[in-house]
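The values are calculated or read from the model by the stated rules, or taken from the named source; none is laboratory data. No experiment lies behind these values; they were computed from the predicted model shown. Reconstructed Cβ throughout: ideal geometry from the backbone, glycine too, with neighbour counts over all protein chains shown.
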Ligand SMILES: [Zn+2]
């Protein structure tokens, strides 16, 4: 019955799995299983020396296609499964740090232009999906979207290392009236993908400047290590 519905949806709506393109209204079980095989491990980025960084797979192939489908084709049906990968990265960080207590998930803020274009804040939505997964696994995780972009920043894609740093320098700040995570509920900075680490480092800088207490950073996926 499900197959029939998927085939009908494909004929009527052109619906397809965003991972492999086979007819269906959502991510197929094969792609979901493949995504969950991404290696959860610590990553290294020069701007994040001194802060633990964990990711749940390489940013290539399936994870890259699914994130693109979410961001550019508004495939909101993949938010939960991608949020599950972000939760796995956070769990790796928690296991390493042996922190038993509650945590605050702090999304790297999206630019206002990106939110307008996509109709939704993708980073915050992913963090929210990850929070639900962590809560279901017994981790006391709270979504603390305390950061904002203080000024316009250019799209990071296509910028080199030094340009990214300059583009983001002092770009992040706390939302007025909000406090950074404290030692009783330390923060984990979260984002979809880490490339150079410049965005995470700027978020880290803004939280540290506000006296925040951080456990580390976590992303759904990571490009190849650059050290
Ligand atoms: Zn598929």
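A few notes on this one:
- Of the residues in region 191-211, not one is more than 24 Å from residue 70 (Cα to Cα), out of contact with any strand residue (DSSP E or B) (no Cβ under 9 Å at 6 or more places or on another chain) and without any contact (Cβ under 8 Å) to a residue 24 or more places away in the chain.
- Going through (1) within 16 Å of the ligand (Cβ to nearest atom); (2) surrounded by fewer than 16 Cβ atoms within 10 Å (Cβ to Cβ); (3) assigned to a helix (DSSP H, G or I) one by one, residue 37 falls short only on (3).
- Flag for residue 86 being surrounded by 19 or more Cβ atoms within 10 Å (Cβ to Cβ), part of a helix (DSSP H, G or I), within 19 Å of the chain's Cα centre (by Cα) and within 11 Å of the ligand (Cβ to nearest atom): no
- Going through (1) modelled with pLDDT of 95 or more; (2) in contact with a strand residue (DSSP E or B) (Cβ under 8 Å, 6 or more places away or on another chain); (3) under 26 Å from residue 76 (Cβ atoms) one by one, residue 180 falls short only on (3).
- Subset of region 40-64 that is within 15 Å of the chain's Cα centre (by Cα) and surrounded by 20 or more Cβ atoms within 10 Å (Cβ to Cβ) - its residue that is farthest from the ligand (Cβ to nearest atom): 53
- Residue in region 13-31 that is within 17 Å of residue 87 (Cα to Cα) and within 16 Å of the ligand (Cβ to nearest atom) present: no
- Qualifying position, being in a loop (DSSP other than H, G, I, E, B) and more than 25 Å from residue 75 (Cα to Cα), among 152, 164: 152
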